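Peer 1: Pasting a structure here, questions to come.
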Amino acid sequence: MRIIGNDPSVPRQTHEVASGTLPNGKPVVINADGTVSSISETAAGIGSAVTFESAQVADISIGFDPNASKVVIAYKDQGNSSHGTAVVGTVSGTSISFGTPVVFEASELRSQNAVVFDPDNNKIVICYSLTGSAKAIVGTVSGTSISFGTAVQFEASSSDYLDATYDTNENRVVIAYRDDSNSRYGTAVVGAVSGTSLSFGTPVVFESENSRDFGIVHDSYANRVVVSYMDVANNFYGTAIVGTVDSSNNSISFGSATVFNNTGYTFYNRITFDSTNNKVVIIYKDDDDSDQGTAIVGTTGASSISFGSEVHFNAAKTEYMDIVFDSSAGKVIIVYEDDGNSSYGTLIVGTVSGTSISFGSEVVFEQAESQHNAVAYDSTNNKTVIAYTDIANSEYGTSIVYAPVASTNVTSENYIGISRSGAASGAGAIIDTQGAIADVPETIYEIVSASYDSVNFSVSGQDADPYGLFFRSDGAKMYVAGDTGNDINEYNLSTPWTVSSASYSQNFSVASQESAPNGVFFKTDGTKMFVVGTATDTVYEYALSSAWDVSSASYGSVSFSVGSQDTVPTDLAFNPDGTKMFILGKTGDNVYEYALSSAWVVSSASYTRSFSISSQETGPQGLFFSEDGLNMFVLGGAGVNKYVLSSAFDISSASHSQAFSVSSQENDPQALFFKSDGTKMYVLGSGSDTVYQYSTSVSLTPAQSYFVQNDGTLGTTAADPSVFAGTAVSATKLIVKG
């Protein structure tokens, strides 16, 4: 007998214990402890800042020990007589924790220090300068602590602006520095690690003139070290030179210096090696060009280096910069203090192509002045770790983790099937395994796979600067806030939720209260309307004597100022019972949450908390929550970003999930809204004065193969890793793994 479908004689289900909540009809992985979990993706973005030293710190450097999977931060502890101090950090996701700081030099550090890892001996080497000498010390990381050998002097005079690298071809540490006792010449020395000590060769002068601001890196493709610096005696030009290490006698020889910037001072001169493109990247502050942050790509030869053209990564004065290469993403990460944006700690991602480099959008990692910024790449966790002095927090030593790309808990081996029943964490769960026909419900609010319906409606006849958008719950009315007319325009839709069927009905002026309305929202029964604008930074409440009829609106002198949180509020939202209000702010790039002691009465609001969206969007305009409060959407110049909330309408539980670009339809998006069932999305743009309609529901296509995506959804193309989920037999059913 041939059986079509599930053969009752063959087990095609397993009963396991859920770790975390399991939704119905979603792919499931098995964990090392035998429990099962839904698939999740750790979003790209910034973690929370963590203090590693509760005292003033300066001259920070950072390195990564891949043997111990730890970062090591070295710094001048100004709360402890400026002694040289190190601390070990452990990355987990986008969080970091620290052990107890350890003093490696019980004297006052003079200036800049450097941390380098020796992979042949699995040791950390810290190089530093004192008044009258320069030393290096070997450290051994164990757990969350580090122990040190005896410091070894490599220069018997004060030596400033030092940096260090490790030559993996010759297995040697190389230090570049200014020898203050030798006419401030640029000098290098080679060191060999043995146990917990070092021995050094004879220092070699590579620049017989006053020079400073050294950066040094090993180019593993050319098997050369490259030193970048400012040649003070040669008009302060940015200069680079190539060195060849000889491990037989711990020596180094140099080719001819090459000028990469001949217009004036080049400060900082930090350098990294891009092993994907086999190029070096130098960054510096270009004094001759308004102190802008500048980068240049170099190609290393046997004894010289050539360069492409300079590229600015920050069009303002740029200080305290550092650079590292992220080998997983194949990108460079630059951190700096952006004096053009309140001296905030900022990062930017760069992509090398040929002999040039391009940059993404700037990301603020610290909304306060940050100095002594240093950055390292954690190759175990594929995360970037930033260390800095937080000026606003008593100049404490602070660190934060950046994830340039998302990560996932699914692998090519741990996918076991589709959840048949939802289960709470710790409860039993039924999983449809290989050969079972699993139920896969239609998914909604799926912006990552959204598609434009080729349906739109122009509001230009009513307003040339539309900013706010709202729909009645049945989709038969649409409302647009207009800046040109300072009013709320009402439209009737003959076919609910189809914007092309809209026709203009009437309007209501809010000019007496707000001359720049940006957002509009209605109470669930249509008897109240709320407007927020950027002219007064205030939410205004209006009563409607006829529900959903704006012509019946009247202002009752009830309002609430949000200016203490943000001076450019661009949109607002409420939870369904009116006890919470949310404001989207452009000044801080935040969503702000407020509690209302009297439901739907804005004057009873009190500020609760904020959630930063700056890692995804620095020009937020539109805000929307799903009816269950588990999905939040922010619209801006970068498009639509979706955030998942583990607790309904609690923005502190939000994490970034998906993104979708609307640039093919609108280059200046201002507001968004979703159909009540989550299957349609609407975007209003002021570039074209048009509302665009998108589909945001996903169902299966019969006979189509599906793959597990890194965020736990199903898609028709393989992700990385490639995990085959099964083949669809209907719009809502899937044969697991074929």
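The values are calculated or read from the model by the stated rules, or taken from the named source; none is laboratory data. All values derive from a computational prediction rather than experimental measurement. Cβ coordinates were reconstructed from backbone atoms using ideal geometry, including for glycine residues, and neighbour counts include every protein chain displayed.
Peer 1: Can you spot a residue in segment 89-103 that is over 26 Å from residue 48 (Cα atoms) and either touching a residue at least 40 places away in the same chain (Cβ under 8 Å) or aromatic (Phe, Trp, Tyr) (or both)?
Peer 2: No; the residues of segment 89-103 include none that is over 26 Å from residue 48 (Cα atoms) and either touching a residue at least 40 places away in the same chain (Cβ under 8 Å) or aromatic (Phe, Trp, Tyr) (or both).
Peer 1: Of all residues in segment 66-84, which are surrounded by 21 or more Cβ atoms within 10 Å (Cβ to Cβ) and over 12 Å from residue 387 (Cβ atoms)?
Peer 2: Result: 70, 76, 77, 84.
Peer 1: Would you be able to tell me the number of residues in segment 16-53 that are on the phi > 0 side of the Ramachandran plot and surrounded by fewer than 19 Cβ atoms within 10 Å (Cβ to Cβ)?
Peer 2: 2
One line per residue, one yes/no per condition, for (1) within 18 Å of residue 669 (Cβ to Cβ); (2) of a type in the set (D, E, K, R):
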site: 587; (1), (2): no, no
site: 590; (1), (2): no, no
site: 593; (1), (2): no, yes
site: 610; (1), (2): no, no
site: 613; (1), (2): yes, no
site: 616; (1), (2): yes, no
site: 619; (1), (2): yes, no
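Peer 1: Is it the case that segment 296-314 has a residue that's among the small types (Gly, Ala, Ser) and closer than 30 Å to residue 49 by Cβ?
Peer 2: Within segment 296-314, none of the residues are among the small types (Gly, Ala, Ser) and closer than 30 Å to residue 49 by Cβ.
Peer 1: Right, next: Considering only strands (runs of 3 or more DSSP E) fully contained in segment 418-515, which possess at least 1 residues that are among the polar types (S, T, N, Q), surrounded by fewer than 18 Cβ atoms within 10 Å (Cβ to Cβ) and touching a residue at least 60 places away in the same chain (Cβ under 8 Å)?
Peer 2: Ranges flagged: 451-458.
Peer 1: Looking at segment 379-393, is at least one residue under 29 Å from residue 39 (Cβ atoms), hydrophobic (A, V, I, L, M, F, W, C), out of contact with any strand residue (DSSP E or B) (no Cβ under 6 Å at 6 or more places or on another chain) and in contact (Cβ under 8 Å) with a residue 60 or more places away in the chain?
Peer 2: Within segment 379-393, none of the residues are under 29 Å from residue 39 (Cβ atoms), hydrophobic (A, V, I, L, M, F, W, C), out of contact with any strand residue (DSSP E or B) (no Cβ under 6 Å at 6 or more places or on another chain) and in contact (Cβ under 8 Å) with a residue 60 or more places away in the chain.
Peer 1: Give the residue, chosen from 598, 606, that is surrounded by fewer than 19 Cβ atoms within 10 Å (Cβ to Cβ), modelled with pLDDT of 95 or more and assigned to a loop (DSSP other than H, G, I, E, B).
Peer 2: Going through 598, 606 in turn, the sole match is 598.
Peer 1: How many of the residues in segment 24-62 are closer than 30 Å to residue 320 by Cα, of a type outside the set (A, V, I, L, M, F, W, C) and outside any strand (DSSP E or B)?
Peer 2: Residues that pass the stated criteria total 2.
Peer 1: Which one of 494, 449 is polar (S, T, N, Q) and either at pLDDT 95 or above or touching an Asp or Glu at 6+ places or on another chain (Cβ under 8 Å) (or both)?
Peer 2: Selected residue: 494, the only one of 494, 449 that is polar (S, T, N, Q) and either at pLDDT 95 or above or touching an Asp or Glu at 6+ places or on another chain (Cβ under 8 Å) (or both).
Peer 1: Still on this structure, please answer the following. Conditions: (1) without any contact (Cβ under 8 Å) to a residue 40 or more places away in the chain; (2) under 39 Å from the mean Cα position of the chain (by Cα); (3) more than 19 Å from residue 287 (Cβ to Cβ). Residue 208 meets all but one. Number of the miss?
Peer 2: (2)
Peer 1: Would you mind finding the one in 318, 258, 294, 266 that is in the same structural domain as residue 168 (by TED's automatic domain parsing) and under 24 Å from residue 169 (Cα atoms)?
Peer 2: Residue meeting the stated conditions: 258.
Peer 1: Mind counting the residues in segment 119-134 that are buried (at least 22 other Cβ atoms within 10 Å of the Cβ) and of a type outside the set (A, V, I, L, M, F, W, C)?
Peer 2: Counting residues in segment 119-134 that are buried (at least 22 other Cβ atoms within 10 Å of the Cβ) and of a type outside the set (A, V, I, L, M, F, W, C) gives 3.
Peer 1: Please pick out the residue among 147, 181, 159 that is small (Gly, Ala, Ser), surrounded by 17 or more Cβ atoms within 10 Å (Cβ to Cβ) and closer than 30 Å to residue 249 by Cα.
Peer 2: 159
Peer 1: A follow-up question, please. Mind listing just one residue for me: the one in segment 390-410 that is surrounded by 17 or more Cβ atoms within 10 Å (Cβ to Cβ) and of a type in the set (Ser, Thr, Tyr) and, of those, farthest from residue 338 (Cα to Cα)?
Peer 2: This residue is 408.
Peer 1: Only one of 737, 675, 680 is of a type in the set (Lys, Arg) and under 21 Å from residue 436 (Cβ atoms). Can you tell me which?
Peer 2: None of the other options fit; the residue is 737.
Peer 1: Run down 691, 640, 634 and say which single residue is buried (at least 22 other Cβ atoms within 10 Å of the Cβ), over 24 Å from the mean Cα position of the chain (by Cα) and either under 21 Å from residue 534 (Cα atoms) or not assigned by TED's automatic domain parsing to the domain that holds residue 360 (or both).
Peer 2: It is 691.
Peer 1: Given the conditions (1) outside any strand (DSSP E or B); (2) closer than 15 Å to residue 470 by Cβ, which single one is not true for residue 670?
Peer 2: Looking at each condition in turn, residue 670 falls short on (1).
Peer 1: Also, quick follow-up: Might you check whether a residue that is outside any strand (DSSP E or B), closer than 30 Å to residue 723 by Cβ and among the charged types (D, E, K, R) occurs anywhere in segment 382-405?
Peer 2: No.
Peer 1: Another question, if that's okay. Identify the residue in segment 194-224 that is part of a strand (DSSP E or B) and among the β-branched types (Val, Ile, Thr) and, among all such residues, is surrounded by the most Cβ atoms within 10 Å (Cβ to Cβ).
Peer 2: The qualifying residue surrounded by the most Cβ atoms within 10 Å (Cβ to Cβ) is 217.
Peer 1: Within segment 546-595, how many residues turn out to be among the basic types (Lys, Arg) and assigned to a loop (DSSP other than H, G, I, E, B)?
Peer 2: 1
Peer 1: Let me ask something additional. Return only the number of the condition from (1) buried (at least 16 other Cβ atoms within 10 Å of the Cβ); (2) of a type outside the set (A, V, I, L, M, F, W, C); (3) closer than 21 Å to residue 450 by Cβ that residue 699 does not satisfy.
Peer 2: If we test residue 699 against (1) buried (at least 16 other Cβ atoms within 10 Å of the Cβ); (2) of a type outside the set (A, V, I, L, M, F, W, C); (3) closer than 21 Å to residue 450 by Cβ, just (1) comes out false.
Peer 1: Counting only residues that are modelled with pLDDT of 95 or more and among the aliphatic types (A, V, I, L, M), how many does segment 652-669 have?
Peer 2: 1
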